[in-house]
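To keep things clear, I will list the structure first and then write my remarks on it.
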Amino acid sequence: MASDNTHRSYSIIPCFIFVELLIMAGTVLLAYYFECTDTFGIHVQGFFCNDADLMKPYPGVEESSFVPPLILYCVVAAAPTAIIFVGEISMYIMKSTREALIAQEKTIVTGECCYLNPLIRRIIRFIGVFAFGLFATDIFVNAGQVATGNLAPYFLSVCKPNYTGMDCRFNHQFIANGNICTGNQVVVERARRSFPSKDASLSVYSAIYVTMYITSTIRTKSSRLAKPVLCLGILCAAFLTGLNRVSEYRNHCSDVIAGFILGSAIALFLGICVVNNFKGNHSTPTKQKQEDYRALPLMTFPRVESPLETLSAQVMLSSQIRSLFRKNS
């Protein structure tokens, strides 16, 4: 191992163990409380009598969707992880890209026993940040759903409100008391969590993160269209996932758009600001010789003699000749 490709640090590995892993554990724990417990109560939102936007037919449980949640979550988590893992190993094996990778990343040495080579560092960084963003997106989505309590398009179909004692002679009459549902409480509670769309947020986050990785790291000289086609196909799959939520009446169009914006914002923030467009940590750049341009003119023009300069030169020459004649005489 060459000495110029190593960097001795006593803070990177302890910081990773005692800071970043704790942050990751806290993020996972918070996502768990949002998903699997009733720690955070859902805001009970009112509705208008016989609101047509909330009377769509009940599409059934989530598992009956064209894109079941279990399959979606597995794909958005496993596909980018596999692409990043295979991509990093391939670049490390290929000689042409391995030299550039080693130039960007140095092997971290802690003490006399712990080494982190560039391949391990990049895999942990890129996949770790992706996993953090995935759980962060889930937290943002659940927080929005709990705080707003926005009603799904099929809410009135499953709520089956008891209008006894309610003045619902007009459709524009607003029912402030949202606890008049007589339907299945589990399904009703699920119908109160529509904004933003979780499937749209997670799918577009995963798609944008992995497309940023592909466009920033993979270099193809033989084909100009292979990489764009792959990236556009991934983005199209995320887009169709959101459209499926609207077509099945599981989310409003505004819910899906908000999910797209949320997932895109988190992916762009992590990809640009946190992992530096997947470029790695560059070593200290070599000092290049800089030319001093302060003494040079900003613009140069061809010199054109003016008539006054020519006349003054002739007068000076004639005066010098006269003075020579006077001395000789």
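Give me R122, R190 ranked fewest to most by other Cβ atoms within 10 Å of their Cβ, as a rough exposure proxy. It would help to have the intermediate numbers written out before the result.
Details: R122 23, R190 19.
Ranking R122, R190 by Cβ neighbours within 10 Å, fewest first, gives R190, R122.
From the C-alpha gyration tensor of region 3-277, pull out the three semi-axes of the equivalent ellipsoid (sqrt of 5λ each), sorted largest to smallest, in whole Å.
Taking √(5λ) for each eigenvalue gives 46, 21, 12 Å, largest first.
How much length is gained if the chain between I120 and A77 is pulled fully straight, taking 0.36 nm per residue apart and subtracting their Cα-Cα distance, in nm to one decimal?
Once the chain is fully extended between I120 and A77, it gains 13.5 nm.
Tell me which residues come under 5 Å, amide H to amide H, from F48 once H is placed; ignore anything under 5 positions away on its chain.
Answer set, sorted by chain and number: I175.
How far apart, in nanometres, would the label points at D53 and H172 be if each is projected 7 angstrom from Cα along the Cα-to-Cβ direction?
1.5
For the pair V146 and Y163, how long in nm is the line joining their label points, each one 7 Å along Cα→Cβ?
3.5
How do D53, D138 line up, fewest other C-beta atoms within 10 Å first?
Ascending Cβ contact count within 10 Å gives the list D53, D138.
Taking the simple approach of a point 7 Å from Cα along Cα-to-Cβ for both E62 and N184, what is their distance in nm?
It is 1.4 nm.
Read the figures in this text as sums done on the coordinates, not as results from a lab. For clarity, every value in this text was computed on a predicted model and none was experimentally measured. Heads up, the Cβs are rebuilt from the backbone with ideal geometry, glycines too, and the neighbour counts pull from every protein chain shown.
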